[in-house]
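J.: What follows is a structure written as structure tokens; I'll ask about it next.
The values are calculated or read from the model by the stated rules, or taken from the named source; none is laboratory data. On a predicted model such as this, the values are computed, not experimentally measured, just so you know. Side chains are part of the model used for accessible areas, which takes the heavy atoms of the whole protein and leaves out ligands, DNA and RNA. Shrake-Rupley method; radii C 1.70, N 1.55, O 1.52, S 1.80 Å.
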Amino acid sequence: MTSTPSPPRPRPVALRAVSDRELRFRELFEDNYRQLLGYALRRVASPDDAADIVADTMLVAWRRFDEVPVDGTARLYLYGVARRVLANHRRGEIRRDRLAERLRLQLAEAAPDQTSLADSTVAIREALAQLSDSDRELLMLTGWDGLDPREAAVVLGVPARTVRTRLHRARARLRRVVGDAFTGDGHVRDDQHAPAVQEER
């Protein structure tokens, strides 16, 4: 009776090569992590940013491990990599700051002054909180989200004529809760800076 041959075993040389690389990289990391972190901390304001710079530096070192010197100058090589990583980090910060500034300017042009709206907005929100969920959602869809009754009907999944009837009744209930903040036609008075309840289109 012949025995079944055993499957071929993987060559151990490749496994040793991977293990040696990992071991040498761990040694590189342990020997240089603190100095790299200090390098980064002296150049950025946030410890989190410094940790990111070290992590990115070591990632580059892992990917290009064959380029890391073995003549005792590995730390200098890592500083050079960290310097380039830091330059990229700063360029990214400048781009983010410029984008944030553009967005702030656009928002300032598009949005009303929130400080002037604060008190009346609180009053409106308090009044809405006293209404039913369905009334509140309908009024917010038409008043604050800018939808007309047909569009609100699609969102709510009901016929448009149902929305118009409900909207008329919801506005009446809101006027009773808010009191004289509203004029007779359901709009907020000009001297009241709360968001207006949008009329049907």
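J.: Enter the per residue convex hull volume of the range 20-92, computed from alpha-carbon coordinates, in Å³ rounded to the nearest integer. Working shown, then result.
T.: Numbers: hull volume 5.9 nm³, N = 73.
Value for the range 20-92: 81 Å³ per residue.
J.: Using a 1.4 Å probe on the protein chains only, how many percent of the accessible area of the range 130-174 belongs to carbon and sulfur?
T.: Details: 1180 of 2380 Å².
About 49 percent, which is the carbon plus sulfur part of the accessible surface.
J.: May I pose another question? Roughly speaking, what is the stretch gain from residue 84 to residue 23, that is 0.36 nm per residue apart minus the C-alpha to C-alpha distance, in nm to one decimal?
T.: 19.4 nm
J.: Carbon and sulfur: what percent of the range 42-103's accessible surface (1.4 Å probe)?
T.: Carbon and sulfur together cover 50 percent of it.
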